[in-house]
Amino acid sequence: MSTSTTRALDHLGFIHLVPFDRDDPARGLREGIELFKFAEELGLDSGWVRTRHMQYGLPSPAVYFAALAQHTERIGLGSAVIPVGHENPYRLAEDLAVADVLSGGRVLPGLSVHPPAFTEEVNDLVFDEGWMGSDFSYRRIERLRDFLAGASVREKPEYQGFGGDIDSERVEPHSPGLSDRLWYGGGSLKSAAWAGSAGLNWLMSNISSAEDGVEDFSLNQANQIETFRKARADDGAGAGTSGAKGPAGDGPAADGRVSIARVIVPTDGASPEQVRKYRAYAEARTPRTKKVHGKNTIIATDVLGSNEEIVDRLLSDPAFQQSDDYLFELPFEFELEDWKHILHQLATEIGPKLGWTPTV
């Protein structure tokens, strides 16, 4: 079995739901901050949070990033992903910029777009009546990027002699470089092509689409990566980057960056009770990976085993071998002790075997 690789892995991180108890949400949010601090001490490059609306998971990444900025110094702060359909791009730009300024330029906004998915009655409450006439296309992200880039929104009004001359023509605060750090989280060839042509980075998870008659999960993601890179090259898109080494980028990557995520659970170093829990978790989730859901949705099998087994699995995965950044998705149902165990094995054993070096 392979336990090392000659390919240097630049970027290693994790994705966390930041789950909380209905009756004690503060505890879960504080544990999330503790986990990010722990990850930074281990030298991991980034931590990403999911977005959940009307569920027991984090609904507001930008607010959380502002809090994390006060407890960490280096680690990248990513969102995987913010569904921009739920957001006003103007207000989201303000919130992300505040968080980015407070963090010293560490925010990595991962985004997606799709029409509202609630019932019509709920959509009326969430989006206001008339939502069906709103634009839920990729243009919503393009507007957000323009705001983040400092595009002029209006002519600066003339000072009237009261209230202070504090007006600006653009969204404030402006955080230089934030608009170049946008990621699109998708799982289809169409989204990969758009992200590449738009100059965004490409973020993939453990859920994707079976296309062109291919049902193998990794091959579909490998095809998406190829499509993304071709679109970047064909359109000469700008150079957004997550960073070759560092939280938010040491310089532009001409072909964009690709990040791939999987639920990965190492059993090395775990207690017998933890191993039993981990195996039961993976076994219960395996059946859903054996079929296509709905039109063409497919789900990757969780990667559970020894560190050596995990490394061998990743080294043989064509999608992983074509990506720039690896992210470990932390299981929702686990506890803080389990998440710390996974991150410790990732940073001290698995990452180095993949050619990664922790940031100190």
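Rule-based calculations on the coordinates, nothing more; no lab input. Worth saying up front: this structure is predicted, and the values here are computed from it rather than measured. All Cβ positions, glycine included, derive from the backbone under ideal geometry; neighbour counts span all protein chains shown.
Beta carbons within 10 angstrom, averaged per residue: use that to sort the peptides 27-33, 63-69, highest first.
Final packing ranking: 63-69, 27-33.
Roughly how many Å is it from the Cα centre of region 43-59 to that of region 81-106, as a whole number?
That distance is 14 Å.
To one decimal place, what orientation-averaged projected area in nm² is obtained for the convex hull of the Cα set of the chain?
Averaging across all directions leaves 20.4 nm² for the Cα convex hull.
When only alpha-carbon atoms are used, what values of Rg and Dmax, in angstrom, describe region 25-69?
Values for region 25-69 (Cα only, Rg and Dmax): 10.8, 33 Å.
Quick check on the exposure proxy: order His341, His16, His114 from fewest to most C-beta atoms within 10 angstrom.
Lowest to highest Cβ neighbour count: His114, His341, His16.
Considering the convex hull of the alpha carbon atoms of region 250-308, report its projected area averaged over all viewing directions, in nm², one decimal.
With every direction weighted equally, the projected area is 7.1 nm².
Sequence neighbours fewer than 8 away in the same chain don't count; with that in mind, list the aspartates and glutamates whose C-alpha is under 19 Å from Lys295.
Output for Lys295: Glu211, Asp212, Glu215, Asp216.
Contour minus end-to-end for Lys291 and Thr348, with contour as 0.36 nm per residue of separation and end-to-end as the Cα-Cα distance?
Working it through step by step, the gained length comes to 17.0 nm.
Region 126-164 to region 251-292: how many Å between their Cα centroids?
Region 126-164 and region 251-292 have Cα centres separated by 39 Å.
Using the Kirkwood formula on the Cα atoms of region 15-161, what hydrodynamic radius do you get, in angstrom to one decimal?
For region 15-161, inverting the mean 1/r across all distinct Cα pairs yields 16.7 Å.
How do the peptides 194-207, 304-317, 323-336, 280-293 rank, highest first, by the average count of neighbouring beta carbon atoms within 10 Å per residue?
Ranked from most to least packed, the peptides come out as 194-207, 323-336, 304-317, 280-293.
May I ask for the Kirkwood hydrodynamic radius of region 106-188, worked out over all distinct Cα pairs and given in angstroms to one decimal?
Hydrodynamic radius (Kirkwood, Cα only) of region 106-188 equals 15.8 Å.
Quick check: pseudo-label points 7 Å beyond the Cα along Cα→Cβ at His114 and Ala284, how many nm apart are they?
2.4
Can you sort Ile264, Ile299 so the residue with the fewest Cβ neighbours within 10 Å comes first?
Lowest count first: Ile299, Ile264.
Consider all pairwise Cα distances in region 56-142 and report the whole-number % of them above 19 Å.
44
Leaving out same-chain residues fewer than 8 places away, which lysines sit with a Cα under 16 Å from that of Lys340?
Within reach: Lys37, Lys277.
Where a Cα-Cα gap under 22 Å defines reach, which lysines qualify for Lys230, not counting those fewer than 8 residues away within the same chain?
Cross-link targets: Lys190.
For region 254-348, I need the span (max minus min coordinate) of the C-alpha atoms along each principal axis, in Å, sorted largest to smallest.
43, 34, 23
For the pair Asn88 and Ser188, what calculated FRET efficiency results from E = 1/(1 + (r/R0)^6), where r is the Cβ-Cβ distance and R0 = 25 Å, to the nearest 0.05?
Rounded to the nearest 0.05, the efficiency is 0.45.
Based on alpha-carbon positions alone, could you give the equivalent ellipsoid semi-axes of region 118-236 from the gyration tensor, as √(5λ), descending, whole Å?
Rounded to whole Å, the semi-axes are 37, 22, 11.
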